[in-house]
Amino acid sequence: MEQMRKPFQGVGNIIRFNWQFYVLAIVATVILFLVRNNFNAALRAASDILVVVIIGSTLISLLVSCYIYDFSNLYKLSWLDNLLSKDNGKIVNINAGFDETSNLLKSKFANSDLTVLDFYDPTKHTEVSIKRARKAYPPYPNTQQTNTKHLPLQDKSADKIFAILSAHEIRNDEERISFFKEIHRVLSPTGQIIVTEHLRDTANFLAYNIGAFHFHSKTTWLKTFQSAGLRVADEIKITPFITTFILDRNGTAS
C-alpha cells in the first residue's frame, strides 16, 4: 500500500536536514541589521541589499522546493503513465542513502518484483543532510547495500531501473560512467532506465543560486549515458526544475 506523504513533507525535510544553512542566514541577517547604523550611507545601502539578497534567495529556494516536492506530480508518479511499457516485470530502485520512492513504486507497480539498492558510502557521500535523513527515515524493507562498481544482480535481469534524485551524488565522472555501465549490464534487452534529476541549468540557478553547482549539467548526463552504451529514448520535464531521462540499451558499453 502506498505510504502517503504528509503535508509539506518535502520542504520540511529540506529545512530539517539542512538547518545549519538557515541558521546561518538568520544570524547573518540579524547581525547586518544590528550593525547597519554604524556604517556610512554607502555601506548601509550595501548591507541592506545583502540582507534582501539573503532573505530573497532563501525564500525563493524554499518556495520552489515546496512546489517541486509537495505540490507537483513528482511523488505522484503520474508522469510515468505514458512513458513506460505496461509489463511490470522486475523493477530495481537505486538510492543514495535516502529513499522516498520505493513505497510509491511498489504501489504503482503492485505486481512487480521490486529490488531496492542503496549505494550510500559514508566515506564518499559526506553530506550531513544524508546522514540526518538516514537517521530520520528507515530503509525500505530488504534494501540491499551495494556500491557503484558492482550491482548484485544478474546480467539482463531487470526490466525497469529507477534512479530518482540519487545518481548526482556520484561526483566523479569515471565512477558515474562505470555505475551506468553496471546498470547497462543488468538491464534486460527491452528494459528501461528512468533517471530523474535536477540539472545545472538556468532554472535551477534561479531557484538555488550556487546550490545548483551540486547538480550535473545536461551535457554531463548525456556524455555519461553515451559512454555507458545507453540511449535517451525520451526526456520530460516534470517541472521546470526536474528532468527525467528514459534510457534503453544502445549496443554494448565499452
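In this entry, the chain is assigned a mean projected area of 14.8 nm², taken as a quarter of its C-alpha convex hull surface. Calculated mean residue ellipticity at 222 nm for the chain: -12000 deg cm²/dmol, from DSSP H runs with n ≥ 4 weighted as -39500 (n - 2.57), summed, divided by the residue count and rounded to 500. Rounded to whole numbers, the Karplus 3J(HN,Hα) couplings from phi for the stretch 102-114 are 4, 4, 5, 5, 5, 5, 6, 10, 4, 8, 7, 9, 9 Hz, using 6.51 cos²θ - 1.76 cosθ + 1.60 with θ = phi - 60°, and x at Gly and Pro. Accessible surface computed residue by residue for the stretch 16-162, with neighbouring protein chains in place and a 1.4 Å probe, gives 56 Å² per residue.
Ordering of 115-123, 21-29 by packing is 115-123, 21-29, highest average first (other Cβ atoms within 10 Å, averaged per residue). For the chain, the Cβ-based charge dipole about the Cα centre amounts to some 320 debye (Lys, Arg positive; Asp, Glu negative; other atoms uncharged).
Roughly what angle does helix 41-66 make with the longest principal axis of the chain, taking Cα atoms, 0 to 90 degrees, to the nearest 10? It is inclined by approximately 30 degrees.
Sorting 91-99, 205-213 by average packing, meaning the other beta carbons within 10 Å per residue, from highest down gives 91-99, 205-213. Centroid-to-centroid, using Cα positions, the stretch 87-106 and the stretch 49-63 are 35 Å apart. Computed from Cα atoms, the angle from the helix 173-186 axis to the main principal axis of the chain rounds to 30 degrees. Of the trypsin sites (Lys or Arg not before Pro) found in the stretch 165-254, the ones in coil according to DSSP and having at most 16 other Cβ atoms within 10 Å of their Cβ are ARG171.
The values are calculated or read from the model by the stated rules, or taken from the named source; none is laboratory data. Note that this is a predicted model, so its numbers are computed, not measured. Ideal geometry is used to build each Cβ from the backbone, glycine not excepted, and the neighbour counts take in all protein chains shown. In case anyone asks, the SASA skips ligands and DNA or RNA and just uses the protein heavy atoms, side chains included. Shrake-Rupley method; radii C 1.70, N 1.55, O 1.52, S 1.80 Å.
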